[in-house]
1. Taking into account only those residues within the range 166-196 that are touching a helix residue (DSSP H, G or I) at 6+ places or on another chain (Cβ under 6 Å) and over 18 Å from GLY6 (Cα atoms), which is modelled with the lowest pLDDT?
2. Residues being surrounded by fewer than 13 Cβ atoms within 10 Å (Cβ to Cβ) and closer than 26 Å to TRP209 by Cβ: count how many of those fall in the range 108-128.
3. Here is a list: GLU157, GLU146. Which entry is part of a helix (DSSP H, G or I), over 16 Å from ASP106 (Cα atoms) and not β-branched (Val, Ile, Thr)?
4. How do the pairs read when you match residues in the range 33-45 that are in contact (Cβ under 8 Å) with a residue 40 or more places away in the chain and closer than 12 Å to VAL75 by Cα with residues anywhere that are small (Gly, Ala, Ser) and in a loop (DSSP other than H, G, I, E, B), using Cβ under 8 Å and keeping only pairs 6 or more apart or on different chains?
5. Pairs please, first residue from the range 171-196 and closer than 12 Å to ALA154 by Cα, second anywhere and among the basic types (Lys, Arg), Cβ atoms under 6 Å, 6+ apart in sequence or on different chains.
6. Residues being closer than 20 Å to TRP209 by Cβ and free of Cβ contacts under 8 Å to residues at least 40 places away in the same chain: count how many of those fall in the range 131-149.
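The values are calculated or read from the model by the stated rules, or taken from the named source; none is laboratory data. Just so it is clear, the structure is predicted and the values come from calculations on it, not from any experiment. Neighbour counts run over all protein chains shown; Cβ positions are idealised from the backbone, glycine included.
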Amino acid sequence: MAKQDGLDKHTLVLVRLAAAIAQGYEPEVRGRIEEARQAMVPIPWVEELLLQSVLMAGYPRTLIAFSLWRKLSRVPAPVIDPDAEYDNVANWARRGEETCQLVYGDNYRRLRENVRDLHPALDLWMITEGYGRTLARPGLDLLRREFCTVAQTAVLEAPRQLHSHLRGALNAGATFKQVDAVLSVVNPLLSFEQWKAVKELWRGVRENWIPSRAEAEF
């Protein structure tokens with residue numbers, strides 16, 4: 001596996017924090033927050049990572065991470081969040097469709113059909129709440145969001161989601177070297193068998209990778 005020099009310092013530290021949040025070990029989260037603070041990772045990046053962690057790590061781990069962030073960084077919470085107003089629902093749906101299509105490329109329509117077959121509410125929530133309200137927020141670009149999601153799904157042993165977001169990172173413009181660097185971050189957090197499974201999954205994605213038609217046209 002490649003060294004972690006495929007990522008700039010701020011992105012690398014952000015991905016380390018993402019993995020720690022998914023792991024849920026409070027001292028590790030504390031240490032990674034301190035690292036982010038000392039490295040002067042942009043505050044909006046950290047706040048957006050924490051917000052999007054609800055989607056993968058859930059509210060309990062996200063709330064703990066946010067509490068530690070507020071305490072250690074001494075960055076106050078914003079008084080309001082203009083992007084969270086519920087009269088933005090139509091906008092969330094529009095940008096959710098756009099973002100989800102960027103991540104899934106040619107598999108977008110099949111994804112929508114598969115999720116809708118599980119329950120139409122899941123499809124609506126995925127697009128409006130997940131991709132629109134959360135992952136398409138300003139403050140952190142899609143590529144770094146995908147790096148963080150790759151790290152979290154690897155730690156959480158969610159192979160189907162990891163497979164999708166490995167491809168999603170590539171669709172968002174990542175290089176193989178950058179994804180190697182993201183995965184090297186989670187290596188120490190996994191058992192030998194877990195790490196072996198992640199490596200095999202990534203190998204399969206790399207070997208079968210064909211850029212989506214939409215990307216290939218640029």
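1. Within the range 166-196, the match that is modelled with the lowest pLDDT is LEU189.
2. Number satisfying all stated conditions: 4.
3. Going through GLU157, GLU146 in turn, the sole match is GLU146.
4. Matching pairs, first to second residue: PRO44/GLY139.
5. Listed by first residue and then by second, the contacts come to VAL185/ARG16.
6. The number of residues fulfilling the criteria is 1.
Residues checked against (1) surrounded by 14 or more Cβ atoms within 10 Å (Cβ to Cβ); (2) free of Cβ contacts under 8 Å to residues at least 12 places away in the same chain; (3) in a loop (DSSP other than H, G, I, E, B); (4) not charged (D, E, K, R):
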position: GLU48; (1), (2), (3), (4): yes, no, no, no
position: TYR59; (1), (2), (3), (4): no, yes, no, yes
position: THR62; (1), (2), (3), (4): yes, no, no, yes
position: LEU102; (1), (2), (3), (4): yes, no, no, yes
position: ASP106; (1), (2), (3), (4): yes, no, no, no
